[in-house]
Amino acid sequence: MFGRNRYSEIVDTQLELFAREHRNVIDEVHERLAAYNGAERDDAEELYGDYVDAVETGTEILADMRDHYAATLVDPEPYLRAFQRGVAKRLHPFAVELENR
């Protein structure tokens, strides 16, 4: 198990659950980013705001999941780091916002 910490399996499971139960949120983020990237200059600002709103929705769900589990731990820091790494690797659009929470 070199290179994996003790929380890797739980984080993988949590992120799989998020991806399965909130596929619509992930899809919306990708759709809104594509709309922004393809937008004319006049529409870009509003479409970027829509993208940020979609990212915020997913980030809230992930933060709740993370925080509920972390509250059960005596020392949550290793878990929090593992969760952030997992999100950055698998659900990149949510990583920056999640790190700021």
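Every read-out reported here was derived from the displayed coordinates using simple, explicitly stated rules and does not represent laboratory data. The model shown is predicted, which means the values in this text are computed figures rather than measured ones. Cβ coordinates were reconstructed from backbone atoms using ideal geometry, including for glycine residues, and neighbour counts include every protein chain displayed.
Quick look at the numbers
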read-out: Given charges at Cβ of Lys, Arg, Asp, Glu: the chain dipole, positive-most of His30, Val74, Leu91; value: Val74
read-out: MRE, 222 nm, helices only [DSSP H, n ≥ 4, -39500 (n - 2.57), over the chain, to nearest 500]; value: -26500 deg cm²/dmol
read-out: In the stretch 27-76, the GluC sites (Glu not before Pro) that fall in loop regions by DSSP, at most 13 other Cβ within 10 Å; value: Glu40
read-out: Potential extension, Val52-Ala35 segment - 0.36 nm per residue separation minus Cα distance; value: 4.9 nm
read-out: Separation of the Ile61 and Asp12 label points, Cα + 7 Å toward Cβ, nm; value: 2.2 nm
read-out: Karplus 3J(HN,Hα) series, Hz, for the stretch 43-50 with 6.51 cos²θ - 1.76 cosθ + 1.60 (x for Gly, Pro); value: 9, 4, 4, 5, 5, 5, x, 5
read-out: Taking the chain and dividing mean pair separation by its residue count, relative contact order in percent (alpha carbons under 8 Å, at least six apart); value: 33 percent
read-out: Fluctuation leader among Ala82, Ala39, Ala63 - the chain, Gaussian network, Cα springs under 10 angstrom; value: Ala39
